[in-house]
Structure formats: structure tokens, C-alpha cells
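Below: one structure, written as C-alpha cells.
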């Protein structure tokens, strides 16, 4: 089966850095996505990694190690609006590809 | 302009009823999806359609029947609603199903409450 683990909740201070880890055990790995979901809203795309290494996009960066089944999302210069759930999702190679989500990490940014 | 829209946003109904949720995307995407997000916030895929053809059908009860009249629309009909069907249902779309790098765009969600 597919197993994706990430911490349930994290708290950080405005202006700080937070790293959200995600470990996965899946067959047919075909890429890893990070999505942001504010309470009561739809998930929105943040990043995609398929090769090992770091992808940087403004204040957000995402890292992938395929051999370790590990990814992290790094949020720098935290802002209050970054308080949200962050969903790690693995694309599984199946008929048409299938996105399998972890349970999400709720990040609370405090002033 | 809304990229992926769903109606209704809220749906409250009694056990045993039949209800439908509609989804439309104006992105010109080939692939559409239905996801269920339960009270513990796990987001799980239910169905995927590519150019009106069903390509992913997870182990979802037969009471759930998706229908795609054209590639811009994917509706979800649910028969004989049960308490456990209460959840938020998200529709999503992506450019196409077979390239893994294409991100999915999610609709605003439909909060279904079965009483």
C-alpha cells in the first residue's frame, strides 16, 4: 500500500523559518507535490519535485530525496497569512497517474 | 473568472436521499477528478476522468456515480446517502492525466452534511 507521513501540527513565530517533513513509502513513485490549504478553502499548488534536490520559489522551497523517500517544505520569513495546512502528496504511476495525499501539517504562525 | 467551480457550496440532506454535485472547469483541461476530504482532513481521490473517459475508480461504494457529459464538466451523483458520506467533496482538474508534473487545480469544495 501507500504510506505518507507528516507531522500533524507545527507552531512558529512570524519572520522565522519552518521546515515541514514528509516521508513516504509508495510503489510507482512519479513525483511529489506540496499544496497549501487554508481553513475552509481549496488546496492550492505550491511545488513539484520529481528529481533529487532543492526547488526554490520565493519564500518557499521544497526538497526531495528519492532514495530516502523523504521530502521537506521550507517556509522562510513566515507571515501570518502562512497559517494553513500543508499537504504532501505523492503522484503514483497508475492508469492516468494518481495523487495520494498525506494527512497534512497544520502550521500556526504566531506574532 | 473562476477556474474550477462547484455547486452547491453547502448541501444538507437526510439519510436515504439522492443528491448531485456539479463541477465545471474553464481551463481547457482534459482531466477532472473528485476527491473526498473527511473530518480528519484526509484528502482521498475517488474518481478521475480523462476526456470523458473514466480512468481512476477507487474503492468507492456503487452509490457514488460520476458522469462527465463533456471534458469541461464532471458531476457526482450520490444515491441513498449515509451519515458517513458527510465530508467536503472537491472537484479538481489538470491539463492531462498522463504527465505527472501537471498540477491539479481544485474547486472551492462542497460541504455535504447528512443528518
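Odds and ends about this structure:
- Exercise: per-residue mean of other protein chain Cβ atoms within 10 Å, B:43-49: 4
- Bridges between two residues of chain A, per DSSP, are antiparallel at a rate of about 90%.
- Of the peptides B:103-109, A:59-65, the order by per-residue mean of other Cβ atoms within 10 Å, starting with the highest, comes out as B:103-109, A:59-65.
- If R0 equals 22 Å, the separation of the Cβ atoms of residue A:93 and residue A:21 corresponds to a calculated FRET efficiency of about 0.40.
- Per residue, the average separation of C-alpha pairs within less than 8 Å and at least 6 apart gives chain B a relative contact order of 36 percent.
- Anisotropy class of chain B from Cα gyration tensor, a/c 1.5 cut: prolate
- Estimated FRET transfer efficiency (residue B:63, residue B:7; beta-carbon r; R0 35 Å; 0.05): 0.95
- Taking the DSSP beta bridges with both ends in the protein assembly as shown, the antiparallel portion is around 90 percent.
- Relative contact order, percent, the range A:1-85 [alpha-carbon distance under 8 Å, six or more residues apart]: 32 percent
- The protein assembly as shown shape via C-alpha gyration tensor axes, a/c threshold 1.5: prolate
- Relative contact order of the range A:48-111, defined on C-alpha pairs under 8 angstrom at six or more residues apart (%): 23 percent
- Prolate/oblate/rounded label for the range A:29-108 (Cα gyration tensor, a/c 1.5): oblate
- For the residues of B:54-64, the average number of beta carbons from a partner chain within 10 Å of their own beta carbon is 1.
- Of A:21, A:97, A:49, the residue with the greatest mean-square motion in the GNM of chain A, using alpha carbon springs below 10 Å, is A:97.
- Per-peptide average of other Cβ atoms within 10 Å, ordering B:64-73, A:99-108 highest first: A:99-108, B:64-73
- Considering only beta bridges that DSSP places wholly inside chain B, some 90 percent are antiparallel.
- Counting Cβ atoms of other protein chains within 10 Å of each residue's Cβ and taking the mean over peptide B:104-111 gives 4.
Every number in this text was worked out from the coordinates using simple rules, so none of it is lab data. None of these values were measured; they are calculated from a predicted model. Glycine also receives a Cβ, built like all others from the backbone with ideal geometry; neighbour counts cover every protein chain displayed.
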